[in-house]
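The values are calculated or read from the model by the stated rules, or taken from the named source; none is laboratory data. Keep in mind the model is a prediction, meaning the values are calculated, not measured. A quick note on method: Cβ atoms are made from the backbone with ideal geometry, for glycine too, and the neighbour counts reach across all protein chains shown.
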Amino acid sequence: MKKLLAFVFVLCFAASAFAAKIDGTFYTAEVPEGWTAEVVNADDNSVSSMLKAPDNSMAFVVSVLKADKDLTVKTAAEQFAAIHNATDLKKMEGEGESYEYTAVVNGAKAYAQVFKIDEESIGNITIIGDHESELAVGIFNSIEFKEPK
């Protein structure tokens, strides 16, 4: 019985951990209550949003860039990695073209993935904080990009 109650408690905690669907303008994400999303940069070629915890313990920078012959997934990944002074940029295994790297951003650990969304769009998600935590992985996996209008 104790094991059953503990399991139910864990399920309730997990369900409450992702209690809100947040609209980040060009994406949605499942996050705990209190998280905010704010567009921090937008121009004709890109848009970026900061998704962050209320206590600033973790943040996600979610970006979409317009792909063209000069800006491919690889060149975008190289540019992001250079901005963050990352030295471990590598191509990821699996379907679709994507790259990952780790870095230190403003003194905090960061992990980033740069990937093809579609023929016209490149995505970037950078996690600032403990990117290996269940919370970070859950939020990362919940991010869904909206269809362009």
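Restricting attention to region 112-133, does a residue exist that is at positive phi and out of contact with any helix residue (DSSP H, G or I) (no Cβ under 8 Å at 6 or more places or on another chain)? Taking every residue of region 112-133 in turn, none turns out to be at positive phi and out of contact with any helix residue (DSSP H, G or I) (no Cβ under 8 Å at 6 or more places or on another chain). Applying the criterion of being part of a strand (DSSP E or B) and among the hydrophobic types (A, V, I, L, M, F, W, C) to the residues of region 36-54, the residue that is nearest to GLY138 (Cα to Cα) is LEU51. Pairing residues of region 92-115 that are more than 23 Å from ASN56 (Cβ to Cβ) and touching a residue at least 40 places away in the same chain (Cβ under 8 Å) with residues that are of a type in the set (Phe, Trp, Tyr) and in a strand (DSSP E or B), at Cβ distances under 9 Å and at least 6 apart in sequence or on separate chains, gives VAL114/TYR99; VAL114/TYR101; PHE115/TYR99. Pairs linking a residue in region 49-75 that is farther than 20 Å from GLY96 by Cβ and without any contact (Cβ under 8 Å) to a residue 40 or more places away in the chain to a residue that is part of a strand (DSSP E or B) and of a type in the set (Phe, Trp, Tyr), with Cβ atoms under 9 Å and 6 or more positions apart or on different chains, are SER49/TYR27; SER49/PHE60; MET50/PHE60; LYS52/PHE60. Checking every residue in region 40-59 against the condition of being of a type in the set (A, V, I, L, M, F, W, C), under 20 Å from PHE26 (Cα atoms) and more than 14 Å from the chain's Cα centre (by Cα) gives at least one match. Only a single criterion out of (1) part of a helix (DSSP H, G or I); (2) modelled with pLDDT of 95 or more is not satisfied by PHE13, namely (2). The single condition from (1) under 13 Å from GLU120 (Cβ atoms); (2) crowded, with 19+ Cβ neighbours inside 10 Å; (3) not small (Gly, Ala, Ser) that LEU71 fails is (2). Residue under question is ALA103, and the condition is that it be aliphatic (A, V, I, L, M) and over 19 Å from ASP55 (Cβ atoms); does it hold? Judged against the criteria, ALA103 is a match.
Scanning region 33-55 for residues that are surrounded by fewer than 16 Cβ atoms within 10 Å (Cβ to Cβ) and more than 18 Å from LYS66 (Cβ to Cβ) yields GLU33, GLY34, THR36, GLU38, PRO54, ASP55. Scanning region 116-132 for residues that are farther than 22 Å from ASN85 by Cβ and without any contact (Cβ under 8 Å) to a residue 40 or more places away in the chain yields a single hit, ASP118. Is there a residue in region 61-73 that is modelled with pLDDT of 95 or more and in a helix (DSSP H, G or I)? Taking every residue of region 61-73 in turn, at least one turns out to be modelled with pLDDT of 95 or more and in a helix (DSSP H, G or I). Any chance region 66-74 includes a residue that's out of contact with any Gly (no Cβ under 6 Å at 6 or more places or on another chain), under 19 Å from GLY24 (Cβ atoms) and of a type in the set (Lys, Arg)? Yes: one or more hits.
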